Structures are given as C-alpha cells and as structure tokens.
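Everything on this sheet refers to the single structure shown next.
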Amino acid sequence: MGINSIGILTSGGDSPGMNCAIRAVARTAIGKNISVFGVLRGYQGLIDNRFRQLDRSSVGNILQTGGTILQTSRSEEFRTKEGRKKAFDNMKAKAIDALIVLGGNGSFKGANLFSDEFGVPVVGIPSTIDNDISGTDYSIGFDTAVQSAIEAVDRIRDTASSHERTFIVEVMGRKSPSIAVHVGVCCGAENIVFPYKDVSYDRIANDIKSGINKGKTSSIIIVGEGDKPGLSYEVQKELENNHNLKAHVCILGHIQRGGAPTHQDRFIASKMGNTAVSYLSKGNIKSAAICYQGGEVITKPLSDCFETKIDYEKNYLELVRSLSI
Ligand code: F6P
C-alpha cells in the first residue's frame with residue numbers, strides 16, 4: 001500500500017525534543033510528496049477531529065523549543081472502543097493512511113490496539129523524560145531533563161554548602177530510577193533513594209554523619225519520585241525523628257520537563273522522525289517502533305516497546321556512595 005498522507009500526534013507527558021521529531025517527520029514527508037497532518041492534543045484530538053496540515057514553514061523555528069507544538073493529553077476516551085472508532089472515522093474522512101505517535105509505552109499500547117482494530121499502520125517514536133520504555137536504550141527528552149535537574153541540584157549545592165545543610169532533592173521518573181541515577185552520579189550526591197526499594201535510613205544517616213565528621217559542608221540525597229511526588233517528606237521525617245538529622249526538601253517537579261532540548265535530544269529526535277517516515281514510505285503496513293540501540297536508530301516491532309523498563313542500577317548506588325566519601 002502506498003502512503004500518501006500521515007498523521008502525527010504527541011501523547012502523555014511532553015518531552016523536550018518532541019518538536020525536533022515533529023519537524024523531521026513533516027520535512028521528510030514533504031520531501032517525499034506525502035501530506036502530513038498534525039493532530040492537536042494527542043489521541044483526544046484524533047477523536048475530536050482536530051487536525052492541522054503541516055507545511056514546510058509551520059515546523060520552522062521549533063527545533064530549539066521545549067514542549068510540543070501539537071500539544072498533548074492523556075485521553076480516557078481513547079481507552080474505549082467507541083473512542084477509537086471515532087478516531088478511525090476521522091482519520092478515514094481525512095484520507096490519512098498512517099499514524100506516527102510520540103509518547104511512552106502506554107501510548108504505544110493504545111496505538112497498537114488501534115492498529116489491530118482498524119488496520120492502520122502506526123509508528124511509535126519513544127518520547128518520555130523517564131527513559132523507561134522497553135526495547136530502546138533511549139527516549140527523547142531524557143538528556144534534557146537530566147541536564148535541567150543537574151543545573152538545579154548544582155545551585156542547591158551552592159547554598160547547602162554555605163549553610164552546612166543536608167538537602168533531599170526529588171526528581172521525576174515515576175517508577176524509573178534513570179533520572180535519579182544520572183543526576184546522583186553527575187552531582188556528586190551522597191545517596192540515592194529509589195522508589196519501590198527498601199531504604200536503609202541507618203546507612204543514609206551514617207553516611208551523612210561520617211561526612212560531617214570528615215569536614216563535609218553539605219550532603220545531597222537524590223530521591224526518585226515513584227507513583228506520586230512526596231516520598232522526600234518521608235525521608236525527611238525519618239532522618240529527623242529517628243536519626244536526629246535535619247534536612248531540607250526540594251521537589252524539582254515539572255521544571256525537568258520544559259526547556260530547550262540538548263544536542264543529544266535534537267540529534268536523536270531528528271533521526272528518529274526521519275526514520276519513521278522512511279519506514280512508512282516504503283509501503284510498510286506493519287506497526288513499528290523507532291528505537292535507539294547500540295548508538296543506532298533502528299526499527300523494531302511496536303510490541304517490543306510495551307513494557308516499563310526499570311533498571312534498578314544497584315551498582316550506581318555504590319558508585320555514588322564510593323565517590324562521595
Ligand atoms: O512524562 C513523564 C512524567 O514527567 C513522570 O516523570 C511524572 O511522574 C509524570 O510524567 C507527571 O505527569 P503529570 O504532568 O501528568 O502530572
């Protein structure tokens with residue numbers, strides 16, 4: 001089947017670099033005489049018939065911007081068969097042959113169901129700051145999010161040292177420890193608390209106290225958020241109530257999801273967007289994911305990317321502790 005028209009949407013949490021991928025998709029498609037329709041507000045926009053044709057200039061000057069020019073949502077209606085049928089009817093009415101979805105593994109599962117039900121080829125481009133999608137080493141936005149968190153923690157270190165304080169800094173990532181690990185290593189944190197893992201408060205308290213005895217002027221504990229923000233307050237309470245240690249809490253939150261994409265995010269997103277269109281333009285009707293593996297952008301079955309990848313990187317906790325003595 002020849003592809004004459006592609007739809008593209010962004011779904012779930014936005015991530016820096018999404019705009020680079022949108023630009024690459026639009027420009028590659030236009031170069032191949034394929035029309036491109038941006039779908040506004042994710043799957044919900046597909047249901048609500050919110051399309052905008054993208055031309056060369058409508059994706060100009062967006063490479064350097066965070067967020068998504070298409071906007072995003074977490075659509076409940078798309079979870080229903082009726083919602084997906086409406087979405088398909090709207091795509092058909094616009095004669096759109098294939099869909100490109102930028103999002104995480106949840107968005108990919110929805111895409112696959114849609115593809116199975118209505119025979120629409122869907123290509124997923126991994127995009128989430130959490131970097132937790134199985135099947136790919138990298139998802140767009142992770143590097144920028146880590147960089148933003150590093151800059152924030154460096155600032156906290158300045159004031160922590162001046163006041164000889166301990167700070168507990170909570171980073172995003174939901175179930176994934178990836179942001180916590182990278183920020184912990186790169187900021188010289190004294191400890192990392194991973195969500196869903198037993199926390200040894202004795203060990204954390206001993207590390208802080210022995211640091212103070214050695215003349216350290218500050219301690220930073222990085223906390224991975226888990227299901228919802230706030231785990232840091234538990235850590236704070238434990239340290240204060242049971243170990244007589246005072247600590248300040250700073251939850252970085254959505255600051256990590258905005259901002260100009262880094263070189264890595266721009267580069268990989270551009271390559272992924274280009275590869276997605278090349279894949280479809282060859283007449284491929286099977287759904288697929290564009291993955292990053294061994295330093296290469298490759299195409300895989302979409303079903304390889306449905307799981308949440310949780311690498312509990314125990315060795316990195318030891319690395320962090322051994323480098324912060
Ligand atoms: O996009 C991923 C993510 O930023 C997670 O790290 C975080 O837990 C979640 O989204 C927050 O989502 P929301 O902005 O919908 O509260």
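A short reminder: the numbers here are calculations on the coordinates, not readings from a lab. Remember, predicted model here, so these are calculated numbers, not experimental data. Here the Cβ is made from the backbone with ideal geometry for all residues, glycine too, and neighbour counts use every protein chain on show.
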Name all residues of region 48-76 having a backbone nitrogen under 13 Å from the label point set 7 Å from the Cα of LEU113 along its Cα→Cβ direction, giving them as ranges. 75-76
Gain on full stretching of the segment that runs from HIS163 to ASN33 - 0.36 nm per residue minus C-alpha separation: 40.7 nm
Return one number: the angle in degrees, 0 to 90 and rounded to the nearest 10, between the long axis of the Cα atoms of helix 314-323 and the longest principal axis of the Cα atoms of the chain. 50 degrees
Need the full-extension length gain, ASN241 to ASN315, defined as separation in residues times 0.36 nm minus the C-alpha distance. One decimal, nm. 23.7 nm
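Note down the Stokes-Einstein diffusion coefficient of region 143-257 in µm²/s, whole number, using a Kirkwood radius over alpha carbon pairs, 10 °C, and 1.306 mPa s. Can you show the working numbers first?
Working: Rh = 13.9 Å.
Estimated via Stokes-Einstein, D reaches 115 µm²/s.
With the alpha-carbon atoms as the only input, what is the per residue convex hull volume for region 253-309 in Å³? List each step's numbers first, then the result.
Numbers: hull volume 6.7 nm³, N = 57.
So the per-residue hull volume is 117 Å³.
Report the charge-dipole magnitude of the chain in Debye, nearest 20, computed about the Cα centre from +1 at each Lys and Arg Cβ and -1 at each Asp and Glu Cβ. Can you show the working numbers first?
Values: 38 positive and 35 negative charges, 189 e Å.
The dipole magnitude comes to about 900 debye.
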Hey, fewest Cβ within 10 Å first, where do THR275, THR308 land in order? THR308, THR275
Any idea which of PRO177, ALA289, TYR279 is furthest toward the positive side of the dipole for the chain, if Lys and Arg beta-carbons carry +1 and Asp and Glu beta-carbons -1? TYR279
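Consider all pairwise Cα distances in region 196-243 and report the whole-number % of them above 15 Å.
Values: 556 of 1128 pairs.
Above the 15 Å cut-off, region 196-243 has 49 percent of its Cα pairs.
Suppose every K and R has +1 on its Cβ and every D and E has -1 on its Cβ; what is the size of the dipole of region 143-257 about the Cα centre, in Debye to the nearest 20?
Once rounded to the nearest 20, the dipole reads 40 debye.
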Relative to the longest principal Cα axis of the chain, at what angle does helix 142-163 sit, 0 to 90 degrees, rounded to 10? 20 degrees
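State which entries of LYS237/LYS309; LYS32/LYS81; LYS209/LYS237; LYS81/LYS228 exceed 25 angstrom in Cα-Cα distance in the structure shown.
On the way: LYS237/LYS309 30 Å; LYS32/LYS81 33 Å; LYS209/LYS237 17 Å; LYS81/LYS228 29 Å.
Those over the limit are LYS237/LYS309; LYS32/LYS81; LYS81/LYS228.
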Where labels lie 7 Å past Cα in the beta-carbon direction, separation of ASP154 and ASN206 in nm: 3.3 nm
Please arrange SER127, SER15, SER73 by how many other C-beta atoms lie within 10 Å of their C-beta, fewest to most. SER73, SER127, SER15
In region 150-235, the chymotrypsin sites (Phe, Trp or Tyr not before Pro) that fall in loop regions by DSSP, at most 15 other Cβ within 10 Å: TYR196
With r as the distance between the Cβ atoms of LYS214 and ASP89 and R0 = 45 Å, compute the FRET efficiency 1/(1 + (r/R0)^6) and round to 0.05. 0.10
Rg from C-alpha atoms of the chain, normalised by the globular rule of thumb 2.2 N^0.38 Å, equals 1.10
I'd like to know which of CYS305, ALA149, SER75 lies farthest towards the positive end of the charge dipole of the chain, counting +1 on Cβ of Lys and Arg and -1 on Cβ of Asp and Glu. SER75
For every helix of n ≥ 4 consecutive DSSP H residues, a contribution of -39,500 (n - 2.57) applies; sum these over the chain, divide by its total residues, and give [θ] at 222 nm rounded to the nearest 500 deg cm²/dmol. -13000 deg cm²/dmol
Expected sort for THR166, THR128, THR159 with the fewest Cβ neighbours (10 Å cutoff) up front is THR159, THR166, THR128
Which angle between 0 and 90 degrees, to the nearest 10, do you get for helix 201-213 versus the longest principal axis of the chain when only C-alpha atoms count? 60 degrees
